[in-house]
1. Pick out, from the range A:483-570, the strands (runs of 3 or more DSSP E) lying fully within it that include 2 or more residues that are more than 60 Å from the chain's Cα centre (by Cα).
2. Which of the residues that make up the range B:103-124 are more than 10 Å from chain A (Cβ to nearest Cβ) and under 15 Å from A:Met594 (Cα atoms)?
3. Need pairs with beta-carbon distance below 9 Å; first residue over 24 Å from B:Leu99 (Cα atoms) and within the range B:64-88, second among the basic types (Lys, Arg) and part of a loop (DSSP other than H, G, I, E, B); sequence gap 6+ or separate chains.
4. For the structure I just gave you, tell me whether B:Ile64 is over 28 Å from B:Ile135 (Cβ atoms) and not in a strand (DSSP E or B).
5. Output yes when any residue across the range A:667-682 is in contact with a helix residue (DSSP H, G or I) (Cβ under 8 Å, 6 or more places away or on another chain), in a helix (DSSP H, G or I) and touching a residue at least 24 places away in the same chain (Cβ under 8 Å), and no when none is.
6. Among the residues that make up the range B:32-54, is at least one of them under 20 Å from A:Gly590 (Cβ atoms) and among the hydroxyl-bearing types (Ser, Thr, Tyr)?
7. Conditions: (1) away from chain A (no Cβ under 14 Å); (2) modelled with pLDDT of 90 or more; (3) touching a Leu at 6+ places or on another chain (Cβ under 7 Å). B:Asn55 meets all but one. Number of the miss?
8. Based on what the data block shows, is A:Glu653 in a helix (DSSP H, G or I), in contact (Cβ under 8 Å) with a residue 24 or more places away in the chain and away from chain B (no Cβ under 14 Å)?
Amino acid sequence: MITSTKNIIEESEVRKQIKVSEDKFQNLISQAPVSIAILEGSSFITVTINKMALEIWGKSYEEVINKPLFESSPELEDGLKTILNNIYTTGVPFISNEIPVQLKRIGKPNMAYFNSVYQPLRDVDNKIYGIILIGTEITEAVNARKKLEASELLNRSMLESSPYCLKILDLEGRVQFMNFNGLCQMEIDNFSTIKNINWDSLWNSENQSLVKASIDIALKGETAQFTAFCPTAKGTPKWWDVVVSPVRNPGEPVQQIISISKDITEQKRSQEATDKMASQLKLATDSANVGVWSLNMQSQELEWSALHKKMWGYDGDRTDLTYEDWYKLIVPEDKEMASKRVEEARINRNFYEVEYRINKADDNVIHFIRSVGSYYYNDKGEAVTMNGISLDITEQKRFTEELEKKVTERTKELGFKTKQLETINKALNENIQLVIQQDKTIETIKEFKFLADSIPQIVWTSQPDGYLDYYNQHWIDYTGMSIEETQGWGWEPVIHPDDLQQCIDVWTESYTTGKPYEIEYRFKRASDGIYKWHLGRALPMRNDQGEIVKWFGSCTDIDAYKKALDLENKISQFEDFNRIVAHNLRGPAGSIDMLISMLAEADSEEERNEMMGMLKDSSISLITTLDELMHVLEVRFNKNMTYDTCNLQELVEETKNMMRGQMISKQAIIKTNFEVPNIEFPLIYMKSIFYNIISNSLKYSHADVPALIEVSSKKHFGKTVLEFADNGLGIDLKKHGKNMFKLNKVFHSGFDSKGVGLFMTKTQIETFGGMISAESEPGKGTKFIITLENV
Amino acid sequence: MSKISLVSIIDDDAIFQFTAKKLLKSTDLVDQILQFSDGEKAIDYFKVNKSIPENIPDLVFLDINMPYLDGWQFLDELKTISFAKELITIYICTSSNSLFDQQRFTEYPNLKGYLIKPIDKNKITEVVKKELGLI
């Protein structure tokens, strides 16, 4: 019991002690120069917090105590929640340095810096039950460091921003620093190559003592200055203006030496240049006869060079000459202009340049002067002096004038000559071109003649005007005439009298219009006096300008061909006639024969009557065919029928009238284009030809398309060509071509046709020396082409 | 006695068609007669019936001078048709005694003969009998 009492007493004592120690702890915490907060539980309830921590959080004790941290200070959740959760779950402490915190101290916002440690709190079972946050303020240390950094930065940036070459030397005179501009100016790529090197060793040997002396002065606390030459690391020659100063706090010993070098190479150079220029100018002005003068604006005192005085016609050594002596020699007419210019220059503060004449003092000769000058102003902007130069430009002026005059003359002369030359050149060129062309032509002709003489055919050439200037050997052999006899023309003795006029007409047309020449005519063979048919052809040869320079002609013997053609015609006609007899006459005759033999055997009276009717038809058919044949033969026999002048347009109109009914029902249109309005042909046959062809076109037209027939005439190689073109059904010429103009040939089903018309047409045309042919395409139309010999 | 089942006359002459038909009938050796007034109509018929042997005539009388397609053209066209029936006997039957036509006839070796109109009963009976192999 006693024990227990004692224990109780001891217990309470212990408790008391613990309380004291807790109070002490709390007190300690609250007084500590660090911020302390203890958070417990997973919701981080603030159980203990000291004043400094409250200050950092910006909260009062009541606001946060015994409350979950992020409830009382939600603004901390963002940065802190993951960190605290991490510590609470993993037990790994979190340490961070120099965390900036915006604090409100004494009502003012204030930037403070903290080093923080967040550590887990563990119970006896080593289980984490809370986190202790400890922050040490390091604001002052940070600020101090920042200030230092800032000042160093400032120093450094000052040194770097200097446009000069800036070096810091230690007390031994060794280079410790050189700014960027300095490195550039000294052409040093890498500062480490000169670090700790004695500065004076960078200089030429003759300047090293000077440099050393300046360092010594600086070490004594004074500033030294010198100008010296020193090439850069890469050898570029440079002049430097150098200031060497000590670096020290007042009253303290020198710590460092600063040297500032200014690159004055350019200045040095321009100074040298200026000096040089001045001496050169003197030389130049004197040798160039330039007078130099200067007028004091206040005293009106004029200083002018001896040369200038001489220029004015005064003795160069005279010293008594005034402004008036200068001014009075200017000719009165120029005075106003010169003064005006000078005044303008004064107002505008720029140079004036003026030309005037002077009347020279010694010989009264007028000289031209060019004067250039300007005012010089003092600090107040007042014109103090006027300086300038004067130049005697009389010679120059004269020379220029002379030159201009000469240039003008020469230009005129040259222009004329150039023109002449151009004309000559042009003429020459034309001649050359002509010669070249002629040469070419001659070559061509030579070659041609050589070839021509070697062929067994008549060949000739003609000049553009139709003058025949060459015949080949074959012509001479054939005609038996000499070149001289047929030169120019001379074809009369050779050509068949019937062909002569046409020959002349066609040839004249060709050489006047340039149309290719083609004609058939008969030439008399000298050896036996026989006329043989020839085909004459000629083509023009043109030059580059398209002008005809020559005609090349040939005459080919086509006699055999002509005869063969004639024979073929005759055979063809004979064949036609034979066919008519064989089919068209024998057909009905045969029928009659058969019918008569059958009459006797007729079964009935009715049948006999039928046969009698057929007999009648057959005999009519026989008579009709005989009539047609008679007509054809008539045409043949009437070969010597007289020719009439047939007007083609009239023939068309007449045909239209005859076929009015068909024309209307086919909605037919006949277009005409007669380049040859009249042709010579027996009129009744020509009428028949027009009738047959046009009625043929109307008969075989498309049912649904209006019939269009185009009739035209033209000259072609001396012959008259008459064409009939329609838009009708056409004929398959491959199939029917050979039968086209045969008697009783019909090419289209369903039309009333006896096929007599085209046969008759052909007979009529061929009998009178013409030809008929056809071009056709099934479905598109047919074109009949009639070629007639000119009569 | 056997007869020719189908005989064809191709001729534009209506009188010949009439007389020839009458003569053929009078022989009593012909069953049917097929008539065409020109070569074109005939060739169209042959083209359509080329694969029906009983419609193709055994004996043909062919005129030369016809519109649209004459006898020679008909023969040229006929060559291009392949028939189911092997043998067709063709006689040229024309009023033309022209040597040109007779010369032309020799260029067609498959023709049986060249008959010049007029044709009498004896002649036609001879042709028919020949065809039937009676002569």
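1. Details: elements: A:517-524, A:531-542, A:548-557.
The strands (runs of 3 or more DSSP E) meeting that bar are A:517-524, A:531-542.
2. In the first step, residues of the range B:103-124 are kept if they are more than 10 Å from chain A (Cβ to nearest Cβ); the result is B:103-115, B:122-124.
Matches in the range B:103-124: B:Leu115, B:Asn122, B:Lys123, B:Ile124.
3. B:Ile81/B:Lys50; B:Ser82/B:Lys50; B:Phe83/B:Lys50; B:Ala84/B:Lys50; B:Lys85/B:Lys50
4. On the way: over 28 Å from B:Ile135 (Cβ atoms): no; not in a strand (DSSP E or B): yes.
Answer is no for this residue.
5. Of the residues in the range A:667-682, the ones in contact with a helix residue (DSSP H, G or I) (Cβ under 8 Å, 6 or more places away or on another chain) are A:668, A:670, A:672, A:674, A:676-679, A:682.
Subsequent filtering for residues that are in a helix (DSSP H, G or I) retains none.
The answer is no; no qualifying residue exists.
6. Filtering the range B:32-54 for residues under 20 Å from A:Gly590 (Cβ atoms) gives B:33, B:35-39.
Now drop any that are not among the hydroxyl-bearing types (Ser, Thr, Tyr), which leaves B:37.
Looking through the range B:32-54, at least one residue is under 20 Å from A:Gly590 (Cβ atoms) and among the hydroxyl-bearing types (Ser, Thr, Tyr).
7. (3)
8. Values: in a helix (DSSP H, G or I): yes; in contact (Cβ under 8 Å) with a residue 24 or more places away in the chain: no; away from chain B (no Cβ under 14 Å): yes.
The answer is no for A:Glu653.
The values are calculated or read from the model by the stated rules, or taken from the named source; none is laboratory data. What you are looking at is a predicted structure, and each value in this text was computed from that prediction instead of being measured. Glycine also receives a Cβ, built like all others from the backbone with ideal geometry; neighbour counts cover every protein chain displayed.
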